[in-house]
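J.: I have a structure I would like to understand better, so I am pasting it below and will then ask my questions one at a time.
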Amino acid sequence: MKSRLLGLGCVCLILISGVFFGFIIIMGSYLQTEKDDDVGGYNVNNMCSVDSNYNQEKAVTEFEKNAKGGALEGKTKKVLKIAKDEDVPGALFLAIIAHESDWGKGVNATKQKNPLSVMGSGTIHDSEFPTIEEGLKAGAENLNKEYISKGLTTPEKIGPKYAPTVGATNDPEGSNNNWIPTIKQISKQLGAKDKKGSDCSKGGKEIKFSGKLPKWSNSDPGKLNLYTPGQCTWYAFGIRQK
């Protein structure tokens, strides 16, 4: 009799555990599906991405036309893939390469395999790569880590750090003064559109935030917030909804 009751108890425990964990899995799936793509009422898949803000076909055609005879001839699509892999805007990446390496014809591209002029410990000459692909990847990684990931996503924001106009030891003639307008000009030549003039023709939405940043309230931690109160995940989940 006791063994039968024990067996029934085990079965019930297993069933209850199954229902509980099933509920957790379902809720987790629901929250991920409903919340992960939603930011402030907009679906991130519908936002205008920086990379969709230029004509890629025109960029490839224009870059290839100017890159003939250089180290990057026939490599434009590979360059754009590297930019995509490293989360760097494609047209911006091509424009910087075009300016820094004279469309792949400069010594930094043909000899040093360093078309983005990534600096070593002292000067550009300290940074040479075995292949042009490795130089491109290093340049893209540097752009993402030191600029894009920190919110420096436009020529105006990147220029002062990438090509400082004051005290740059590698710019004795002061050519850095023209870095920003040159990058903007080349970007336009490659088919990039001014953000202000973008209509997000691929169906996206531009977000214009003019409200106030949300304030936290312990009494309102967010709908369906199942995290442990007081933990960082509990706060992050709630403030994200707000």
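J.: Is it fair to say Leu136 is modelled with pLDDT of 95 or more and open to solvent by less than 30 Å² (accessible area, probe 1.4 Å)? Explain how you work it out, then say what you get.
T.: Values: modelled with pLDDT of 95 or more: yes; open to solvent by less than 30 Å² (accessible area, probe 1.4 Å): yes.
Answer is yes for this residue.
J.: Exactly one of (1) surrounded by fewer than 18 Cβ atoms within 10 Å (Cβ to Cβ); (2) within 29 Å of Glu86 (Cα to Cα); (3) modelled with pLDDT of 75 or more is unmet by Thr228. Its number?
T.: If we test Thr228 against (1) surrounded by fewer than 18 Cβ atoms within 10 Å (Cβ to Cβ); (2) within 29 Å of Glu86 (Cα to Cα); (3) modelled with pLDDT of 75 or more, just (2) comes out false.
J.: Let me ask another. If the requirement is being out of contact with any Phe, Trp or Tyr (no Cβ under 8 Å at 6 or more places or on another chain), open to solvent by less than 20 Å² (accessible area, probe 1.4 Å), modelled with pLDDT under 90 and farther than 22 Å from Gln56 by Cα, which of these qualifies: Ser175, Ser127?
T.: Details: Ser175 fails: open to solvent by less than 20 Å² (accessible area, probe 1.4 Å).
Of the residues listed, the single one that is out of contact with any Phe, Trp or Tyr (no Cβ under 8 Å at 6 or more places or on another chain), open to solvent by less than 20 Å² (accessible area, probe 1.4 Å), modelled with pLDDT under 90 and farther than 22 Å from Gln56 by Cα is Ser127.
J.: Being of a type in the set (Val, Ile, Thr) and more than 22 Å from the chain's Cα centre (by Cα) is the filter; apply it to the stretch 104-119 and report the residue that is surrounded by the fewest Cβ atoms within 10 Å (Cβ to Cβ). Quick ask: steps written out before the conclusion?
T.: Initially, the stretch 104-119 is screened for residues of a type in the set (Val, Ile, Thr), giving 107, 110, 118.
Still in the list and also more than 22 Å from the chain's Cα centre (by Cα): 107, 110.
Working: Val107: 12, Thr110: 17.
Within the stretch 104-119, the match that is surrounded by the fewest Cβ atoms within 10 Å (Cβ to Cβ) is Val107.
J.: Give me the residue from the stretch 183-222 that is loosely packed, with under 10 Cβ neighbours inside 10 Å and of a type in the set (Lys, Arg) and, out of that set, modelled with the lowest pLDDT.
T.: This residue is Lys196.
J.: Report yes if Phe93 is under 21 Å from the mean Cα position of the chain (by Cα), under 18 Å from Thr182 (Cα atoms) and either of a type in the set (S, T, N, Q) or open to solvent by less than 60 Å² (accessible area, probe 1.4 Å) (or both), otherwise no. Walk me through how you get there before you give the answer.
T.: On the way: under 21 Å from the mean Cα position of the chain (by Cα): yes; under 18 Å from Thr182 (Cα atoms): yes; either of a type in the set (S, T, N, Q) or open to solvent by less than 60 Å² (accessible area, probe 1.4 Å) (or both): yes.
Criteria met by Phe93.
J.: Enumerate the pairs (first residue in the stretch 230-242 and within 15 Å of Leu213 (Cα to Cα); second residue anywhere and assigned to a helix (DSSP H, G or I) and open to solvent by less than 90 Å² (accessible area, probe 1.4 Å)) with beta-carbon separation below 9 Å, excluding pairs fewer than 6 apart on the same chain, so at least 6 apart or on different chains.
T.: Pairs that qualify, where the first residue is within 15 Å of Leu213 (Cα to Cα) and the partner is assigned to a helix (DSSP H, G or I) and open to solvent by less than 90 Å² (accessible area, probe 1.4 Å), are Arg240/Lys35; Gln241/Lys35.
J.: So, one more: Within the set of pairs 6 or more residues apart or between chains, which connect a residue that is of a type in the set (S, T, N, Q) inside the stretch 132-159 to a residue that is assigned to a helix (DSSP H, G or I) with Cβ atoms less than 7 Å apart?
T.: From residues that are of a type in the set (S, T, N, Q), the pairs are Thr153/Val50.
The values are calculated or read from the model by the stated rules, or taken from the named source; none is laboratory data. In this text, all values refer to a predicted model and were calculated from it rather than measured experimentally. In this analysis, Cβ positions are derived from the backbone assuming ideal geometry, glycine residues included, and neighbour counts consider all displayed protein chains. Accessible surface is based on the protein model in full, side chains and every heavy atom, while ligands, DNA and RNA are left aside. Shrake-Rupley method; radii C 1.70, N 1.55, O 1.52, S 1.80 Å.
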